[in-house]
Amino acid sequence: MTAPIVIVGAGFSGAVVARQLAEAGIASWVVDGRSHVAGNAHTERHDNGVMVHVYGPHIFHTGHAEVWDYINRFGDMVPYNHRVKAVSAGRVYSLPVNLHTINQFFGTTFTPAQARAFIAGKADSSIGEPVSFEDQALKFVGRELYEAFFAGYTQKQWGMAPSELPASILARLPLRFSYEDSYFNHPWQAIPRNGYTPIVEAMLDHPLIEVSLGRQVSAGDLTDAEHVFWSGPIDEWFAHRHGRLGYRTLDFVADESGGDHQGCPVLNYCDVDVPHTRVTEHKHFAPWESHDRTVTFTEFSRLAGEGDIPYYPIRLVEEKAQLHDYVSAARSATGVTFLGRLGTYRYLDMDVTIKEALEVARVFIESRVKNSPMRSLVVDPL
Ligand code: UDP
């Protein structure tokens with residue numbers, strides 16, 4: 001160990017904490033089991049020159065001005081408006097569900113007010129506070145749109161019926177009664193001109209930060225550390241003593257060809273009998289570049305096994321109970337702080353990850369000044 005402060009994970013969480021500490025004069029050692037920084041946001045150029053989001057599509061979007069300003073310090077963020085199309089029962093639609101989707105799907109020419117009234121008539125008003133994904137969908141869009149766009153995709157993505165999943169997953173997607181078809185509502189949406197990896201490298205490029213890649217560490221290796229920031233899976237820190245938390249992982253089948261494969265960056269496949277969830281054509285994330293050839297990733301979701309890279313925390317009843325045990329263990333642990341998507345076992349977007357890492361670093365720097373112990377959890381994952 002080269003510095004008393006160890007940061008495990010060189011994704012956005014770890015890099016932001018390392019940077020903030022370094023700027024406050026605190027040295028740290030950042031260690032990551034993989035051979036690259038940026039975690040699942042890692043990007044690299046394919047042989048044909050196209051910038052590839054190696055672990056699936058990552059679009060930066062935020063409503064937090066301080067996060068937007070922060071990321072812009074480390075790279076050139078090119079404004080980008082993410083638009084997604086969806087295939088359902090052999091037809092292509094606009095997504096997220098907007099006025100165009102509704103008019104396409106029902107063969108109508110509704111105005112916004114007419115569509116709103118029409119969908120209100122479809123929505124199941126007997127559902128009070130929606131608990132499950134299915135309730136949330138039936139309450140807001142009604143059965144036909146739910147079955148066409150959400151039921152099959154969600155079954156494939158999560159490996160279980162939407163009636164078993166929490167409403168919060170669907171709450172990520174907007175429903176609009178206008179022709180606005182941007183996938184996100186946030187005021188700042190962008191793709192980094194040179195990919196995410198150089199941004200994270202720039203964050204870590206500081207004389208007070210040492211980075212070791214390709215090095216797997218466990219809690220037992222770090223007993224001499226003054227403090228550890230752990231952005232790996234929270235259950236891994238505790239050697240899975242309360243069992244393994246469930247994660248979904250993704251498999252990508254890459255294909256290279258000439259020209260333009262699908263004409264958009266992400267095409268979702270909503271039918272349950274199509275095995276993949278979506279196809280990403282990476283060059284459309286960088287419309288400012290020009291490439292004769294293309295590369296696509298066909299994406300399949302499955303339960304993460306022991307050696308797999310975790311992507312999505314499942315957070316069902318079983319995992320929630322285990323998480324409770326891990327959070328109790330974390331609360332009584334000293335000398336460690338858990339952060340990030342894996343460290344807090346939450347479905348976080350990149351901007352929230354950065355925002356929380358800034359907060360974690362601020363609390364740490366403050367606790368040092370006051371000479372008080374650092375909290376193990378700055379954000380409560382429950
Ligand atoms: N979803 C869906 N149909 C779609 C797209 C998304 O049912 O065509 C649901 C699905 O359950 C998914 C969730 O909405 O997990 C969130 O979608 P998002 O695009 O935000 O997922 P991510 O890009 O984070 O995988």
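The values are calculated or read from the model by the stated rules, or taken from the named source; none is laboratory data. From a predicted model like this one, the values you see are computed outputs, not experimental measurements. Every residue, glycine as well, gets a Cβ built from its backbone with ideal geometry; the counts of neighbours run over all protein chains shown.
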The listed residue being closer than 30 Å to E144 by Cα and either within 19 Å of the chain's Cα centre (by Cα) or without any contact (Cβ under 8 Å) to a residue 24 or more places away in the chain (or both), out of H36, H58, H53: H58
Do we find a residue being of a type in the set (A, V, I, L, M, F, W, C), without any contact (Cβ under 8 Å) to a residue 24 or more places away in the chain, crowded, with 16+ Cβ neighbours inside 10 Å and under 30 Å from V253 (Cα atoms) anywhere in region 354-361? no
Could you say whether any residue in region 327-336 is charged (D, E, K, R) and more than 28 Å from S132 (Cβ to Cβ)? yes
Just checking, how many residues over region 306-334 are under 20 Å from the mean Cα position of the chain (by Cα) and farther than 27 Å from H46 by Cβ? 7
Can you name the residue in region 39-74 that is hydrophobic (A, V, I, L, M, F, W, C) and in a loop (DSSP other than H, G, I, E, B) and, of all such residues, is nearest to the ligand (Cβ to nearest atom)? I59
Evaluate region 68-76: report whether one residue or more is touching a helix residue (DSSP H, G or I) at 6+ places or on another chain (Cβ under 6 Å), among the hydrophobic types (A, V, I, L, M, F, W, C) and surrounded by fewer than 23 Cβ atoms within 10 Å (Cβ to Cβ). yes
Output the helices (runs of 4 or more DSSP H) that fall wholly within region 88-190 and possess 1 or more residues being charged (D, E, K, R) and under 23 Å from Y311 (Cα atoms), or say none. 133-140, 152-158
Quick one: which of G14, G39 is crowded, with 16+ Cβ neighbours inside 10 Å and touching a Gly at 6+ places or on another chain (Cβ under 7 Å)? G39
Exactly one of these conditions fails for V30: (1) surrounded by 17 or more Cβ atoms within 10 Å (Cβ to Cβ); (2) under 25 Å from S257 (Cβ atoms). Give me its number. (2)
Restricting to strands (runs of 3 or more DSSP E) lying wholly in region 198-262: which have 2 or more residues that are out of contact with any helix residue (DSSP H, G or I) (no Cβ under 8 Å at 6 or more places or on another chain)? 209-213, 247-258
Expected output for region 268-283 (first residue on the phi > 0 side of the Ramachandran plot, partner assigned to a strand (DSSP E or B) and surrounded by fewer than 17 Cβ atoms within 10 Å (Cβ to Cβ), Cβ below 7 Å, 6+ apart or cross-chain) is none
Could you check how many residues of region 289-314 are modelled with pLDDT under 95 and of a type in the set (A, V, I, L, M)? 1
Test of understanding: among V279, V352, which residue is aliphatic (A, V, I, L, M), under 30 Å from V97 (Cβ atoms), under 18 Å from the mean Cα position of the chain (by Cα) and assigned to a strand (DSSP E or B)? V279
Give the residues of region 142-184 that are of a type outside the set (G, A, S) and away from the ligand (no atom under 11 Å from the Cβ), sorted by residue number. R143, E144, E164, L175, R176, F177, Y179, E180, D181
Cβ pairs under 7 Å, 6+ apart, first in region 74-101 and under 23 Å from F118 (Cβ atoms), second basic (K, R) and in a strand (DSSP E or B): V92/K85; Y93/K85; S94/K85; L95/K85
Only residues in region 144-165 that are under 9 Å from F133 (Cβ atoms) and touching a residue at least 60 places away in the same chain (Cβ under 8 Å) count as the first member; pair them with residues that are among the aromatic types (F, W, Y) and more than 9 Å from the ligand (Cβ to nearest atom), Cβ under 8 angstrom, at least 6 apart or cross-chain, and list the lot. none
